[in-house]
Each structure stands twice: as structure tokens, then as C-alpha cells.
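Here, each number is a calculation from the coordinates, and none is a lab measurement. Note that the coordinates shown come from a computational prediction; the quantities given were computed from them, not determined experimentally. A quick note on method: Cβ atoms are made from the backbone with ideal geometry, for glycine too, and the neighbour counts reach across all protein chains shown.
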Amino acid sequence: MKYLKTPISEEDIANLEVGDVVSISGYIYTGRDAVLPKIVKHAEDGTLADVNVDLQGQVIFHTAVSLAGVGPTSSNKLEIESSFGPLSRHGIKMHLGKGAIKPETVKELAENNAVFAVIPPVTALLGSQTSDIEVVCYPELGMEALHKIKVENYQAIIAAAQGKSIYDK
Amino acid sequence: MKREIIEKVANTLVRAGSTFREDQKEAYRKAISTENNVHSCWVMQQVLENALVAEKSHGPLCDDTGIPHLFIEVGKNRALTGQLMNEIKEGVREGLRRLPGRPMAIKGDDYARIDQSGGLDEDSGALAPSPFLIREVEDDNLLRLTVLMLGGGPAIRGITQRVFHKHSVQTVIDEIVNRAVPAVSQLGCSPCTLVIGIGRSQFEATSLMMEAMAKGDYNVQSEFERIITERVNESNTGALGLGGKYSVLATFAKIGPQRASGVRIVALRPCCCFEPRRASVDL
């Protein structure tokens, strides 16, 4: 088990390999299909500060946040996977979700010293490891708004790092 | 409205969304004890531990708590009245609020519901259940409701389509396996339970698939079901796609009456690692 605390350093990410089991603690962002294209646009326009977002060393967890809890949605949905490259270029170090991603996405992660980690959809377990939930921007999207949450010991497997993928056959 | 019926239905929905049945737990234990891939083994241990925690807290197994689907069995001495259907729907509403279900009812007119521009209803109970599916049963005095909670991932990967069978069961099995392997691989939340209905129309095949989902048992596998499970598991997809021999824990299939024709309609749903999320109650 490798222990990571947000914001994650460049060195910590560079030391991760495919298949490593990691424990993640600290504040992380959550977002999925509806909000990620908007965050990408802010990143590319240089307006992240306008929506109170700082991506440096951060983790983005592909989940909704609702009364029912949190749990990963498929990261290979078009709007989510297309955010990997731009968000990594603007500071995101770890994309946290599930599902196989494309080879070109694996390459983009490596070029930006970022990784993709897979987290089991264990909502009941994650409930006791999640606190301090707040909406950061786009509250009109409800459970799909960009949230910031505090997590303690989220366990995940590194699925793509350094140009390699756990899904390579 | 009868409070007793509403209460029973609400409790049944909470049980469906929060509890693994004993045969389901046993299927996981068997898979964990024989899986050689350490990553897949770890994932299945987490899924089983999650189920034990959810059962204890009566909370959701997954944050996608699913759309309630209602399967009713009625014996000839019992009646499903409009009043009873309303009480069942009220029980569903209460159960969704108690679980709590993810508030994901889309507001607005036809167009707004399609493009989601009307926003979401904040009330978990606003999520409408699917239409009732009703089957007659041999037990004359039975009136049983099964609540199934169907998540979005399997709905994305499910396929209902014809198979030209060429008068060969093997052809039908081959086509099911050909469709199931990529569906399971792309689902993300494996190990799956494959659920299959084979009928004469899209409606009938899907109804049979729902019946298979409502009645299937991990300890009772026909040769047809076992062959499909074994062949899909040869894909080595494993839990969460991380590799390993348990891409599929079991297959539940229901084969209905068939048409004098060269075509069979096959409905296939790759249920996620928590499904079938179901619970039954006698009313």
C-alpha cells in the first residue's frame, strides 16, 4: 500500500506504477459528465480562479454526490475521458473512477505525469471515509455539480501510469 | 390507503437496495476463494465487505441506487386492484426516501426530460417506478411483489436484438457470448450476473429477462446458463476489468414460447456486481 495525501507531489506520482494499491487522504474534487466539460473550458480559458478551483496536485473523483453517497461512474464516457488530457495539463495528478481507457488517454496522462486509478464502487464503505462535503461551482447541476470532499483512506488501484495500462492484454 | 401495505413495500425496497441474498454472498465467497488474480480478488473482497456494511446500516449498496422495477405474481384467488397498485407505488415512494435513493428524477416536459434541461427533483421519492410486470402463478393464494433496483451501467450495456438461430441452440449461445463479452468488458462494474430472456418479440424477451432477474438463484444453474458463464469467463475480464477468471458469477436465463420462424429475440443485461438488487414480499 502506498499512502498519498492531497495535494499530491510530482515525485509521489512519478513513483507510482500500474498495479500499486494506494490509500488517498485529504480534500479532493468530484465531477462527472455534466460539469467536467465546463471545468475543462475554465482551465483552457484561464478562468479557474473565477469559479474558486485550484487543480494543482489534485485528484478528481468521477462521481455524483448525493444523499445516496458516492461511487465511481464509468470514466470512459466521452465527456469524462476527454477531460483527462486538459485537466492533467492544468494540474490534476490523479483521475479516479473505473473502466478501461483508450491508449491515447494513457499516453496523455504519462506526458503530464498524471495517473488513472480505479476505485471499487463500494458506496457503503466510502460513506464512513467521506466528510466535509461542499459545492464548489455550478450548484444548478445538483448532484453533478463540482464538489470538494474530504476523504480518509480511500483505497484504489493504479490502472494507468507511465504510459502503461492495467487493461493492456 | 392501507398503511400495512405501504410499510411492507417500503421495507422491501430498502432491503432490495441494501442487501445481498445468501446465495449471492456464497457466490462471492466461492469466487474469492478460487480467484488467482490478486487485484480482482481484492475488488471482490471489497464488494462483499461493502454488502455486509450496507446490510447492517440499511443503506445503499451503490450510489446509483437504481430505478425501481416491480414484478408481481398473482394466484387465481387473489386480485391486484387499482387501490393496491396505488398503495404499492406509495410504498415505493417511501422506500426511496428511506434508503435513501439517489434523487435522479428528471423534471419537465418531454423535451426537457430528454436533454435534462429541466433539472433534477431533489426528492428521492419523486423517481417513478417502471410499469408493473404481472405474471400468473400456480399457488392460488399467492400475491407476491418483487422489487428490483436497476442501475444505469447495465442499462447502457444491455442489448435486445434478434438472433437468426439456423435451427441450432449452439448458434444462439454463440451469439449471446459474442454480445456478452464486450458488454461485460465495457461495463466496468464486474463481476457480472448475465440475465437473459428469449422470446418472440422485444417486449416478451425483455419480460422474460425481468422474470429471470426476479427469480434466478446462484446455486441453481442449468446447462444452458453454465455454458454461457464459462464461455464469457474465458475472456479473462475479471472484477472491474482488472483480469481474472470471474468476469461473470452466474447466468440467469428464461426461455419462453417461441415463434415458428428462423428468428429468436434475445434480451441480455449484464447486471453489475451488486445486481440483481432485489427483494420480495407476500402481500
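Some notes on this structure:
- All Cα-Cα separations within the range A:15-96 were binned at 5 Å from zero, giving a P(r) of 3, 14, 25, 26, 19, 10, 3, 0, each value a whole percent of the pairs.
- Lysines whose Cα lies under 17 Å from that of B:Lys25, excluding same-chain neighbours fewer than 8 positions away: B:Lys56, B:Lys215
- GNM top mover of A:Glu152, A:Glu111, A:Glu140 - chain A, alpha-carbon springs below 10 Å: A:Glu140
- Here the spin labels are modelled as points 7 Å beyond Cα on the Cα-Cβ line, and at A:Gln162 and B:Lys89 they lie 5.9 nm apart.
- The mean sequence distance of close C-alpha pairs (under 8 Å, at least 6 residues apart), as a share of the length of the range B:142-283, puts its relative contact order at 43 percent.
- P(r), alpha carbons of the range A:2-164 - 10 Å bins starting at zero, rounded %: 11, 46, 37, 6
- Ordering of B:20-27, B:126-133 by burial proxy (mean other Cβ atoms within 10 Å per residue, highest first): B:20-27, B:126-133
- In the protein assembly as shown, the DSSP beta bridges split such that about 65 percent are antiparallel, to the nearest 5.
- For the protein assembly as shown, diffusion coefficient by Stokes-Einstein and Kirkwood Rh (Cα), 37 °C, 0.692 mPa s, µm²/s: 144 µm²/s
- Pair B:Val169, A:Asn52: separation of 7 Å Cα→Cβ label points (nm): 6.3 nm
- The distance from the alpha carbon centre of the range A:89-160 to that of the range B:95-148 is 29 Å, rounded to a whole number.
- Two-decimal ratio, chain B, of alpha-carbon radius of gyration to 2.2 N^0.38 Å: 1.01
- Summarising the strand pairing of chain B, around 70 percent of its internal DSSP beta bridges are antiparallel.
- Percent RCO, i.e. relative contact order, over chain B, from Cα pairs under 8 Å lying at least 6 residues apart: 26 percent
- Size of electric dipole in the protein assembly as shown: Cβ of Lys, Arg +1 and of Asp, Glu -1, about Cα centre, debye, nearest 20: 1040 debye
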